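In what follows, a single structure is set out as structure tokens and then discussed.
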Ligand SMILES: [Zn+2]
């Protein structure tokens with residue numbers, strides 16, 4: 001096979017991935033540069049199922065919240081990028097920053113993006129026909145615009161039918177909702193340091209070999225595809241999505257956590273049902289930390305079911321639902337979610 005110039009000579013992943021990110025032995029992926037923002041390998045179909053399903057279940061459209069969460073996340077990420085560049089003695093223009101982000105979009109599987117137009121303090125237009133998620137891509141670009149330009153931006157599709165060009169138009173902000181989401185994003189996701197995972201790291205790029213074994217990863221077409229399922233994945237910041245979930249829980253009550261877990265469980269049942277014959281429960285659990293979903297510390301039998309501790313879950317209800325569906329598919333029986341107890345850096349999931 002022809003070797004691409006962006007590819008690691010040993011494992012074939014894009015070299016930029018190992019250069020920019022670290023896989024820790026506690027089940028977490030972070031950026032290598034400060035402030036070491038946590039990243040997650042997301043199943044795109046799961047994400048795009050989750051938010052509309054929540055809206056349906058609670059009878060309230062959460063699209064706006066998703067955009068806001070991602071916008072704050074994008075601001076935080078882009079500001080830290082600009083700071084790191086300045087520390088290295090560079091002074092990037094907003095346009096430099098936008099081009100850099102389009103490059104990252106290709107590497108993270110977010111979709112090929114192209115800067116069509118930028119007018120300072122007015123508008124940024126991005127062409128991105130194969131974006132990973134409608135509300136999240138719009139939130140991302142609004143955040144990037146805000147951090148680089150200094151003005152708040154409202155992200156709109158130029159053509160609601162085609163949905164291939166995002167115009168971020170400078171506007172005045174809406175302080176109340178923003179403040180809430182901002183605080184949540186700033187909180188970040190707590191994670192504990194200790195971990196005993198052992199990876200076989202690629203000797204050339206430093207990424208665990210299991211990542212290239214599990215994913216086909218091609219930045220030329222902005223594709224991260226899971227080999228076993230054929231599904232599209234992305235590598236993206238963890239905070240924005242988690243902030244949205246936390247705001248929902250606060251606004252609408254703890255039961256939202258249970259609803260999210262049920263949605264994730266339904267998705268997981270379909271997903272694992274499809275790949276069941278080519279994998280095992282143990283193999284699937286080992287994939288969690290590689291994706292920064294967290295690490296299964298213990299799985300004990302209890303009350304005719306199981307008690308499972310996940311350390312460093314990226315989102316407790318989403319990961320609880322995944323585990324619930326996974327356990328059902330491989331146990332060939334149904335369980336009830338009897339409890340989801342959150343502690344500092346872990347969640348205990350009880351299935352009965
Ligand atoms: Zn490598």
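The values are calculated or read from the model by the stated rules, or taken from the named source; none is laboratory data. The model shown is predicted, which means the values in this text are computed figures rather than measured ones. Note that each Cβ is placed from the backbone with ideal geometry, even for glycine, and that neighbours are counted across all protein chains shown.
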If the Cβ limit is 6 Å and pairs must be 6+ apart or interchain, which residue in region 190-202 that is over 17 Å from residue 36 (Cα atoms) pairs with which residue that is within 16 Å of the ligand (Cβ to nearest atom) and modelled with pLDDT of 80 or more? 199/208; 200/209; 201/208; 202/10; 202/11; 202/209
As an exercise: evaluate residue 211 against (1) assigned to a helix (DSSP H, G or I); (2) within 16 Å of the ligand (Cβ to nearest atom); (3) over 18 Å from the mean Cα position of the chain (by Cα) and give the number of the one condition it does not meet. (3)
Looking only at region 283-293, decide whether some residue is crowded, with 16+ Cβ neighbours inside 10 Å, in a strand (DSSP E or B) and either within 16 Å of the ligand (Cβ to nearest atom) or modelled with pLDDT of 95 or more (or both). no
Exactly one of 64, 57 is surrounded by fewer than 16 Cβ atoms within 10 Å (Cβ to Cβ), over 28 Å from residue 171 (Cα atoms) and at pLDDT below 95, and that one is 57
Exclusive hit being part of a helix (DSSP H, G or I), modelled with pLDDT of 90 or more and either assigned by TED's automatic domain parsing to the domain that holds residue 78 or away from the ligand (no atom under 16 Å from the Cβ) (or both), set 234, 241, 263: 263
Being assigned to a loop (DSSP other than H, G, I, E, B) and under 22 Å from residue 235 (Cβ atoms): is that true of residue 130 here? yes
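To keep it simple, each residue is scored yes or no on (1) at pLDDT 95 or above; (2) crowded, with 21+ Cβ neighbours inside 10 Å; (3) on the phi > 0 side of the Ramachandran plot; (4) more than 16 Å from the chain's Cα centre (by Cα).
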site: 68; (1), (2), (3), (4): no, yes, no, no
site: 76; (1), (2), (3), (4): no, yes, no, no
site: 98; (1), (2), (3), (4): yes, yes, no, yes
site: 116; (1), (2), (3), (4): yes, no, no, yes
site: 119; (1), (2), (3), (4): yes, no, no, yes
site: 132; (1), (2), (3), (4): yes, yes, no, no
site: 145; (1), (2), (3), (4): yes, yes, no, yes
site: 152; (1), (2), (3), (4): no, no, no, yes
State yes or no: is residue 31 within 16 Å of the ligand (Cβ to nearest atom) and either touching a helix residue (DSSP H, G or I) at 6+ places or on another chain (Cβ under 8 Å) or modelled with pLDDT under 95 (or both)? no
By residue number, the members of region 13-26 that are in a loop (DSSP other than H, G, I, E, B) and more than 7 Å from the ligand (Cβ to nearest atom) are 24, 25, 26
One residue from 90, 5 being surrounded by fewer than 21 Cβ atoms within 10 Å (Cβ to Cβ), within 16 Å of the ligand (Cβ to nearest atom) and not in a strand (DSSP E or B): 5
